[in-house]
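Below: the structure, in structure tokens.
Here, each number is a calculation from the coordinates, and none is a lab measurement. If you're wondering where the values come from, they're calculated on a predicted model, not measured in any experiment. Every residue, glycine as well, gets a Cβ built from its backbone with ideal geometry; the counts of neighbours run over all protein chains shown.
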DNA sequence: TTCCATGCAAAGTGTTTGCAATAAT
DNA sequence: ATTATTGCAAACACTTTGCATGGAA
């Protein structure tokens with residue numbers, strides 16, 4: 001079992017204010033890919049006085065810590081994914097922009113041929129499967 | 001040889017105003033991944049009165065036509081890639097955000113296992129290799 | 001005429017920042 | 001006492017939109 005976001009943060013002795021804890025709690029779970037605004041809205045339900053700036057600051061810190069992944073969709077705001085420690089890809093609905101995590105099974109990662117590297121050193125590969133989710137397929 | 005952007009557009013009988021032609025010309029080439037602002041700046045060198053709005057409108061039309069690909073980096077403005085007809089991946093520098101095209105050689109595309117599809121119908125796969133470009137590796 | 005593309009400026013999103021007040025060490 | 005975090009509002013970066021003008025079909 002994976003340790004969850006909040007546990008990981010405590011283990012890193014990250015100073016845990018009420019605001020930060022609430023942001024971390026809002027992000028916990030599977031297939032969670034909220035925008036900053038959505039995080040703010042949900043955090044407010046638990047802690048009405050939390051500010052937008054603090055949400056943005058906190059999200060940026062979590063990303064810097066490597067505990068949350070930032071996703072930049074083609075349109076719309078950035079999304080935040082707490083599933084930072086299990087390598088996975090994303091399934092994105094082109095219609096409603098829903099996002100699902102896809103585990104990386106044994107499938108080999110794509111690789112760049114040496115002749116195409118142009119001197120780059122590659123540290124990571126992002127894979128996004130784009131398509132249509134079942135809900136959007138159902139109502140055309 | 002690939003037909004270039006401008007030729008493809010003429011073939012589609014896209015109404016070609018001076019503004020649109022200049023935008024298309026600015027985008028022509030290999031490894032071109034300009035932001036809207038950069039397109040505007042370069043278009044202005046040839047056609048000083050072209051407006052930002054027209055550049056944005058034109059870019060959006062080209063994307064809608066499928067003649068240009070839109071790239072959303074994690075930070076910074078969207079980038080526009082005229083290489084829409086040869087399937088390719090991207091090599092992105094995490095430091096300076098330079099982008100290079102990587103041809104898809106015989107390597108198989110990643111696939112989603114049926115059990116992970118969750119009802120999605122997948123139409124496309126985007127692969128981004130993230131890392132550090134030679135220039136940024138040289139000056140740390 | 002009728003329609004569409006353009007320029008301009010304003011408005012709209014989404015995100016960051018400066019700063020004083022507050023809380024933690 | 002010192003340092004870090006917060007809230008607020010303003011600034012900022014990027015993109016879209018409304019509308020009057022002008023050119024093309």
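Label-point spacing for residue A:49 across the identical copies (point 7 Å from Cα in the Cβ direction), in nm and ascending order: 5.8. Rounded if a/c is under 1.5, else prolate if a/b beats b/c, else oblate: with a ≥ b ≥ c from the C-alpha gyration tensor eigenvalues square-rooted, which is the stretch A:1-83? Oblate shape, in that a/c is at least 1.5 and b/c is the bigger or equal ratio. The long axis of helix A:18-27 is offset from the longest Cα principal axis of chain A by roughly 40 degrees.
Shape verdict for chain B, please, from the Cα gyration tensor: rounded (a/c under 1.5), prolate (a/b greater than b/c) or oblate. Since a/c reaches 1.5 but b/c is at least a/b, the shape of chain B is classed as oblate.
Sorting the segments B:87-100, B:66-79 by their mean number of nearby beta carbons within 10 angstrom, highest to lowest, gives B:87-100, B:66-79.
For residue A:105 and residue A:37, the FRET efficiency from 1/(1 + (r/R0)^6), where r spans their Cβ atoms and R0 equals 30 Å, is about 0.35. Normalising the average separation of contacting C-alpha pairs (under 8 angstrom, six or more residues apart) by the number of residues puts the relative contact order of the stretch A:18-140 at 22 percent. Using only Cα atoms, tell me the angle between helix A:52-65 and the longest principal axis of chain A; keep it within 0 to 90° and round to the nearest 10. That works out to roughly 50 degrees.
Summary for residue B:107: label point 7 Å along Cα→Cβ; distances to the equivalent points in the other copies, ascending, 1.4 nm. Among A:62, A:27, A:16, the residue with the largest mean-square fluctuation in a Gaussian network model of chain A, with springs joining Cα atoms closer than 10 Å, is A:16.
Within 10 Å of the Cβ of each residue in A:79-91, the mean number of Cβ atoms contributed by other protein chains is 1.
Once the Cα-Cα distance is subtracted from the 0.36 nm per residue extended length, the residue A:52 to residue A:7 segment shows a gain of 13.8 nm.
The label point for residue B:123 and the one for residue B:95, both projected 7 Å from the Cα toward the Cβ, are 3.9 nm apart. Label-point distances for residue B:13 to the equivalent site in the other copies, using a point 7 angstrom along Cα→C-beta, read 7.2 nm when ranked shortest first. A Gaussian network model of chain A, with springs between Cα atoms under 10 Å, assigns the largest mean-square fluctuation among A:36, A:28, A:64 to A:64. The sum of -39500 (n - 2.57) across all DSSP H runs of n ≥ 4, divided by the residue count of chain B, sets its helix-only mean residue ellipticity at 222 nm to -9500 deg cm²/dmol.
Against the main long axis of the alpha-carbon atoms of chain B, helix B:36-46 sits at an angle near 30°.
What sits nearest the axis between copies B and A, counting only chain B Cβ atoms, is the residue and whole-Å distance B:72, 2.
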